[in-house]
Every structure is written in C-alpha cells, then in structure tokens.
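Report on one structure; see the data block that follows.
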Amino acid sequence: MFTKIRYGGSKETLRFIISGIEGIRMGEIGLGLLHQGMIQSIRKQWSAGCGVAVLYMHAEAPEDDSSAMIESWQDEAKRVFWKMRLEHDYYFLLRMLPEEDWSPHGASQWTSLLRERIGAAGMRSGGVAVAAGAGLRIGLCAVEPAQETRTEASVFRSIQTAREHADTESWDTDRAQAQTVSALRRAVREGNPVLARPGVQTIGTLASPIAAIASYAHVSEASYLFDTDAQVPGIVVVRDGEPAGLLMREKLHQMLAGQYGLPLYWNRSVERIMDNQPLIVDEGMAVERVSQLAMERSHYRLYDVVIITRNGQLMGAASVRAILECMTALRTEEARSANPLTGLPGNSGIQSELARRIGGQRPFAMVYADMDFFKWFNDFFGFGLGDELIRYLAELMESVLRSMGGSDVFIGHIGGDDFIALVDPNKAEAACSELIGLFDRGIRRFYGGEEVTSVTDRSGNMVEQAGVSLSLSVLVWEGEAPVSPALISKQAARLKKSAKSIKGSICVMEHLTE
C-alpha cells in the first residue's frame, strides 16, 4: 500500500528520509532514519522515561576535521543513539535522561558543547572559518511522543523544525528561558503555596527516574517492562510528555492473574486499566505538603509512587518510603533548631522564611511582638510562671494570627519574650488589634488575683503600670522596595524601641519604602 505525500523540502533531505539506510557509518550507533530499527530505538527511549531530541548540524569543514570533532563531542555528551550524514548535513537523535531538564534551554547545553568541539577542532586543523563559526548552523527540536500520529510523522516534523530553527537557536533558547523565569516569578508573586522556602526540602530533590509508556500502548508492553526489570515499581502513562495515569506492578499482576485477565486485557490500551487519578505534584512543592497529600490517599493507593513534574512534564517519581525518610530527617532538623520552650522555629527558620518571601517578591507584614516589664514579672512571680506566660503568648499568636491569616502565616520565636510573625499585610492591623485585646484580658489570671498598679523597670525604679503589656511593631513590605533580611531586622529593632517607649499595650505600624 502506498500513500501519496507532498513534500516541500530539499531533495537531499527527501533522499535520506526515503532511503533510510544511506549515509556514512560513524561507529556502532544506529544509522539511517525513518526505518523500523530507528523507530524502535525511539520508542525504547520513551518507554524508559527518557526524552528524545533531533539535533541538526550544517558544518562546512573538511571531512576528516568534521569526523574528529563529532567523535570528540559524542564521547563527552554520551547522548547520541542514532545518526545520519549527507555531505555537510548531520542528523543526530539525542537521549535526554528523566532527571534532566528536557526544555529547550536544558537541552541546549549539548549544542553548546558541540560548538565548543567544533571550535577546538577548527583551531587544531587551522580551519579558521569553522573556529569562528562561519558556515556552521545548529538546530534542536524535541520529538514528542506520538499520540494520534505515527512515530515516523513526529520524527519527520521534528527534523523539519530543527532545520528551520538552525539559524535562530540562540534567540529561541533565550526566549524560552525568559518565559520560564517569568512564569516562576508570576507563580511566586501570586502566592503559590507549593513553592518551598530555602532550607526546606522540595519534592524535586527526591525525584528518581521512572519508566514511562505512551497512553496508546498495549497492556502487553507494560507487562514486558515489568518483566525485564524487577526494580521497576510502577510505570507512568503519558500523553504529550504529561503524566496521565499510573500502573503499579502489583496491581497489574493481580489484574492479569485472574481467570480471564490475559485474554481480556493483554491487547487493550493501558488507558483502560491505569489509575487515572494518581498523585501528581510539581517539583517545587515542599516534601511536608506532599507527605500530607500522600497520607490522605485511600488505602488502595497509599503506597503508590508520587509522580513529580517540571513545568507540567514528567520529571520522575518518589516512593512513599523516600518521602517518609525525608520527613523524619526534616523533623529531626527542625527539632534541633526550634525554640525548646515553644517549639516554634528559631532564628535560622525566621531568616529562611524572610529570604523566601523577599526572593519571591511576596508582600508581607512582619509583626515583632515583645512583652513590656516581663523581667519584673519573672523576678516577682518566678521563672516557672514566666515560662508559662511566654507559652501563653505563643499560643495566643498562633490562635489569632492563623485564624485570620490562614496557613500562610509564619510564627517564629527569637528567644525570651520576643516573637516574629509574618502575615498578610491587609490583615495585619486587625489581627494585631485582636491580639492586644485578648492579651490584656488574659494576662490578669497570671497575677493570682492580685491588683497590680505599679511595676519595677530594668533600672529598679517604680513605674505606674498595670502589669505586663504587649508592644507590637509592624513593618509592611509591599514587595517592591529592595530589602534584605538584615535590613528588615535592623528596621524592626528600631520600630520596636519606638513601640516600647509608649505606655501600655500598643501597635506601631510602618511601611518599608525606597
């Protein structure tokens, strides 16, 4: 059966596409394009969870120099699994590993390495034109896993795109990188809660390679993957590089082990039996949050792997065991750095949270809470009751601030009676007002029924004061003025001094500007 096609490319390109076996052999790597051996090699890469890219190069260098340069590049890159040459045109198929960046920007490192090798080969042989980049064009295009089209058609389109983009590779890469950075900044600015702060483990660090299979593949192909590698716990089902489902080894074997399992499912699409609601998370999500989501799953899915994506594309997976081990290590570290009296994050946690919000350009209000005349209370009523008062303030802040600000509120304990809270700027004033009202009413029970009308200051002087009061200094940052954790700490200390100079419980607010 023959199909008539219309092709507008060069005769040379059409010739190598039709022939499938022409060209000059270079090593033991597969040769020729669009024949069964090459198609099977591409599908094998996809099944292993790897990406595939077409790299096109036009180099007007002598044959000996080109061969030496290409061999040097292949030895270092170790990504070429298929190649073809027609005079000055070279075509390579590159393997991108699951844990690597498959974006145009990530894959461009191999084209950069190739350019370096070309320059080095040109300088050694005296080829000034090649060393300077004259007559050299390189284009790169990913081969998307075929869905509704044949694999041959996907490869053919990628070859055409790589040739068309050969002269604009640098511009396209810069644009892709800029778009990625812009998207990340936008997500952070919008308050994406899954982005973790520096020092907090993200799920992307636990990503391990995982086998992947196209959604149109048969159950028999998935079974073959499990049979050939006993270490594969599950297979991710993908559509256009995006995870669509999950097949776990035990569940597939249970399904096929039944009386009618093999005849019923063997030649069916994996879409018919896959779990179409697996846990899929972005690489930037905090491990703690992923752990919560994993434990909230039904018992049937409890030990399934967690699929991890990067920009929507499959990156890898993490086992429940790896997640729990990481959580244990994080909890140990948090306990080591937390304040032993309240269990709240200490100075290192506060600095990390400040850096995260500043780096993400997320507006916040920093509330510095400090009790006035706490030393008098500690000396008069004893340090045991003094510790109780510190814990009372910690619990009060958590209750009030979290009820008004939600899960995005951060509360840290500097030490003694000093606390730091980071809250929504729009809710800071109301929250502080509520906090002061509750504190002034609740502090009275710590006096044991005594009526306090005067206290002793740090110099030993009697001061008319109805017991301990609460000073709150609030710094509001709108996300625009250039700041740093050190600068904010300095300004907070200055504002705290101003608040403590005012008698009674008070809230002093200031905006950080240029």
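Projecting each Cα onto the charge dipole of region 338-512 (Lys/Arg +1, Asp/Glu -1 at the beta carbon, about the Cα centre), which of Phe377, Val474, Gln361 comes out farthest on the positive side?
Looking along the dipole axis, the top candidate is Gln361.
If you keep only loop residues by DSSP, which GluC sites (Glu not before Pro) in region 445-484 have at most 16 other Cβ atoms within 10 Å of their Cβ?
Qualifying residues, ordered by number: Glu450, Glu451, Glu478, Glu480.
Using Cβ contacts closer than 10 Å as the measure, can you line up Ser505, Ser403, Ser473 from fewest to most?
Ascending number of Cβ neighbours within 10 Å: Ser403, Ser505, Ser473.
For region 287-390, state the semi-axes of the equivalent ellipsoid (square roots of 5 times the eigenvalues of the alpha-carbon gyration tensor), sorted largest first and rounded to whole angstrom.
After diagonalising the Cα gyration tensor, the semi-axes are 40, 20, 11 Å.
At 1.306 mPa s and 10 °C, plugging the Kirkwood radius over alpha-carbon pairs of region 253-299 into Stokes-Einstein gives what diffusion coefficient in µm²/s?
This corresponds to a translational diffusion coefficient of 119 µm²/s.
So how compact is region 344-390: Cα radius of gyration and Dmax in angstrom?
15.7, 45
Throw me the Rg/Rh for region 338-512, computed over C-alpha atoms with Kirkwood Rh, two decimals.
0.97
Could you tell me whether region 299-339 comes out rounded, prolate or oblate from its Cα gyration tensor? Rule is a ≥ b ≥ c as square roots of the eigenvalues, rounded for a/c under 1.5, then prolate if a/b exceeds b/c, otherwise oblate.
oblate
For region 203-326, compute Rg over Rh where Rg is the Cα radius of gyration and Rh is the Kirkwood radius from the inverse mean 1/r over Cα pairs.
Answer for region 203-326: 0.97.
Quick one: grab the alpha carbon gyration tensor of region 274-321, order the square roots of its eigenvalues as a ≥ b ≥ c, and give me rounded if a/c is under 1.5, else prolate or oblate depending on whether a/b is larger than b/c.
In terms of gyration-tensor shape, oblate.
Could you list the trypsin sites (Lys or Arg not before Pro) in region 240-300 that lie in coil according to DSSP, counting only those with at most 16 other Cβ atoms within 10 Å of their Cβ?
Arg268, Arg297
Values quoted throughout were computed directly from the atomic coordinates according to the rules given, and no laboratory measurement underlies them. Computed from a prediction, not measured in an experiment: that's the story for all the values here. A quick note on method: Cβ atoms are made from the backbone with ideal geometry, for glycine too, and the neighbour counts reach across all protein chains shown.
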